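Here the structure comes first, spelled out in structure tokens, and everything after it is commentary.
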Amino acid sequence: MSDTTDEKHFLTNKQYDSAKWLTTIVLPACGTLYFAIAQIWGLPAGEQVLGTIIAVQAFLGVLLGISTQQYRNSDARFSGDINITKEPNGEKSAAISFNEHPAELGDKTEATFKVNAQK
């Protein structure tokens, strides 16, 4: 995901990663912990607290799903393009264009390119 927000993406990489961690790790752990302790020690409103946490978790999950779909439907996920062209002699050639400076790819562990084939 992009490190900046724009009209297509309402979460940056950092915001997305934080929301995903909160939704998949923190909220379920907190809900489970409070519900278990409430049952053992008779603390108040165990079911209500757990229900509230689950509702917040579901809401955040929907936001993450929307953000993920927007990202997948955009070109922001690509590091560049591979343009395939057919030469007059019938052979094909490929040219790579980068969305960022090629040296910045050295900071990544993987890159994804969109293939544009001439028909």
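Kindly check whether there is at least one residue in segment 73-90 that is of a type in the set (Ser, Thr, Tyr) and touching a helix residue (DSSP H, G or I) at 6+ places or on another chain (Cβ under 8 Å).
Keep residues of segment 73-90 that are of a type in the set (Ser, Thr, Tyr), which gives 74, 79, 85.
Checking the rest, the ones that are also touching a helix residue (DSSP H, G or I) at 6+ places or on another chain (Cβ under 8 Å) come to 79.
Yes: one or more hits.
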* In this structure, does GLY65 turn out to be in the same structural domain as GLY31 (by TED's automatic domain parsing) and exposed (fewer than 11 other Cβ atoms within 10 Å of the Cβ)? -> yes
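Given the criteria under 27 Å from GLN15 (Cβ atoms), among the charged types (D, E, K, R) and touching a Ser or Thr at 6+ places or on another chain (Cβ under 7 Å), does ARG77 qualify?
Working: under 27 Å from GLN15 (Cβ atoms): yes; among the charged types (D, E, K, R): yes; touching a Ser or Thr at 6+ places or on another chain (Cβ under 7 Å): yes.
When the stated conditions are applied, ARG77 passes them.
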* To do: Identify the residue in segment 91-119 that is among the hydroxyl-bearing types (Ser, Thr, Tyr) and assigned to a strand (DSSP E or B) and, among all such residues, is nearest to the chain's Cα centre (by Cα).
  => SER97
* Report whether or not VAL56 is under 20 Å from the mean Cα position of the chain (by Cα), at pLDDT 95 or above, surrounded by 12 or more Cβ atoms within 10 Å (Cβ to Cβ) and in a helix (DSSP H, G or I). => yes
* Asked: Which number in (1) in contact with a strand residue (DSSP E or B) (Cβ under 6 Å, 6 or more places away or on another chain); (2) over 30 Å from ALA117 (Cα atoms); (3) among the charged types (D, E, K, R) marks the one condition that GLU47 misses?
  -> (1)
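The values are calculated or read from the model by the stated rules, or taken from the named source; none is laboratory data. No experiment lies behind these values; they were computed from the predicted model shown. Cβ atoms come from the backbone with ideal geometry, glycine included; neighbour counts cover every protein chain shown.
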